[in-house]
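Asker: Just dropping this structure here.
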């Protein structure tokens with residue numbers, strides 16, 4: 001358990017995005033999803049890659065510094081962490097704001113990309129429906145994008161653009177020109193990946 005205090009004016013809430021904002025994250029996705037595939041489903045991979053993927057579960061890195069930098073800059077219009085998975089985070093942001101999302105890119109780490117290709121897994125499902133990744137999912141006014149990118153760089157992260165905020169209450173991923181609905185599945189404590 002962690003406890004902290006903050007200046008109310010610097011809190012970046014979940015429900016304050018606006019249509020036209022850019023949907024971003026503090027990094028790429030997939031390592032923990034792949035690690036859980038190794039641990040829970042006995043999928044095989046070479047030892048060096050296995051060790052790298054498992055580190056994401058055994059020694060997770062939270063994005064506290066990135067969150068503080070974004071909050072201090074005023075660049076983020078809404079934010080939350082992705083501890084239960086990207087899809088769950090997007091649905092939580094949608095419920096809080098009343099806005100939807102169009103996702104145009106789901107960046108996987110190089111390790112996750114290799115793992116997905118090796119085991120013929122769905123890359124978009126690997127990015128969306130994992131958990132325990134602790135990346136920040138946030139929205140940014142387009143005029144603040146360079147500011148947000150600079151904040152994350154200072155915090156040792158690389159801003160990833162995932163898509164944009166829309167007025168319509170839906171969450172979809174555009175893959176090869178086809179609009180696919182994003183379900184709310186992800187990590188559920190005591191049951192695992194759903």
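The values are calculated or read from the model by the stated rules, or taken from the named source; none is laboratory data. Predicted, not measured: the structure shown is a model, and the values here were computed from it. Please note: Cβ atoms are built from the backbone with ideal geometry, for glycine as well, and neighbour counts cover all protein chains shown.
Asker: If residue 64 meets every condition in (1) surrounded by 15 or more Cβ atoms within 10 Å (Cβ to Cβ); (2) at pLDDT below 95 apart from one, which number is that one?
Answerer: Against the list (1) surrounded by 15 or more Cβ atoms within 10 Å (Cβ to Cβ); (2) at pLDDT below 95, residue 64 comes up short only on (1).
Asker: Given the criteria part of a helix (DSSP H, G or I) and within 12 Å of the chain's Cα centre (by Cα), does residue 87 qualify?
Answerer: yes
Asker: For the range 44-61, which positions are part of a loop (DSSP other than H, G, I, E, B) and either touching a strand residue (DSSP E or B) at 6+ places or on another chain (Cβ under 8 Å) or surrounded by fewer than 17 Cβ atoms within 10 Å (Cβ to Cβ) (or both)? Full working, then the answer.
Answerer: Taking the range 44-61 and keeping what is part of a loop (DSSP other than H, G, I, E, B), we get 44-46, 59-61.
Listed by number, the residues that qualify are 44, 46, 59, 60, 61.
Asker: Could you check residue 162 against (1) surrounded by 20 or more Cβ atoms within 10 Å (Cβ to Cβ); (2) modelled with pLDDT under 95 and say which number it fails?
Answerer: With respect to (1) surrounded by 20 or more Cβ atoms within 10 Å (Cβ to Cβ); (2) modelled with pLDDT under 95, residue 162 is out only on (2).
Asker: Could you list all residues from the range 17-43 that are out of contact with any strand residue (DSSP E or B) (no Cβ under 8 Å at 6 or more places or on another chain), touching a residue at least 12 places away in the same chain (Cβ under 8 Å) and in a helix (DSSP H, G or I)?
Answerer: Within the range 17-43, 31, 32, 34, 35, 37, 38, 39 meet the criteria.
Asker: Answer yes or no: is there a residue in the range 172-194 that is more than 24 Å from residue 98 (Cα to Cα), touching a strand residue (DSSP E or B) at 6+ places or on another chain (Cβ under 8 Å) and either modelled with pLDDT under 95 or surrounded by 21 or more Cβ atoms within 10 Å (Cβ to Cβ) (or both).
Answerer: yes
Asker: Now, a different point. If you scan the range 123-140, which residues turn out to be assigned to a loop (DSSP other than H, G, I, E, B) and either under 16 Å from residue 103 (Cα atoms) or at pLDDT below 95 (or both)? Full working, then the answer.
Answerer: Just the residues of the range 123-140 that are assigned to a loop (DSSP other than H, G, I, E, B), to begin with: 129-135.
Listed by number, the residues that qualify are 129, 130, 131, 132, 133, 134.
Asker: Quick one: how many residues across the range 164-177 are under 11 Å from residue 124 (Cβ atoms) and either without any contact (Cβ under 8 Å) to a residue 40 or more places away in the chain or part of a loop (DSSP other than H, G, I, E, B) (or both)?
Answerer: So in the range 164-177, the residues under 11 Å from residue 124 (Cβ atoms) come out as 173-176.
Filter again for either without any contact (Cβ under 8 Å) to a residue 40 or more places away in the chain or part of a loop (DSSP other than H, G, I, E, B) (or both), leaving 176.
So the count comes out to 1.
Asker: Condition first: within 30 Å of residue 44 (Cα to Cα), in contact (Cβ under 8 Å) with a residue 24 or more places away in the chain, surrounded by 18 or more Cβ atoms within 10 Å (Cβ to Cβ) and over 16 Å from the mean Cα position of the chain (by Cα). Can you find one or more residues in the range 115-134 that meet it?
Answerer: Yes; the residues of the range 115-134 include at least one that is within 30 Å of residue 44 (Cα to Cα), in contact (Cβ under 8 Å) with a residue 24 or more places away in the chain, surrounded by 18 or more Cβ atoms within 10 Å (Cβ to Cβ) and over 16 Å from the mean Cα position of the chain (by Cα).
Asker: In addition: Please verify whether the range 142-152 includes one or more residues that are in a loop (DSSP other than H, G, I, E, B) and either surrounded by 13 or more Cβ atoms within 10 Å (Cβ to Cβ) or modelled with pLDDT of 95 or more (or both).
Answerer: If we filter the range 142-152 for residues that are in a loop (DSSP other than H, G, I, E, B), which is where we start, we get none.
No: zero hits.
Asker: For the range 90-112, how many residues are surrounded by fewer than 18 Cβ atoms within 10 Å (Cβ to Cβ), more than 12 Å from the chain's Cα centre (by Cα) and either in a loop (DSSP other than H, G, I, E, B) or at positive phi (or both)?
Answerer: 2
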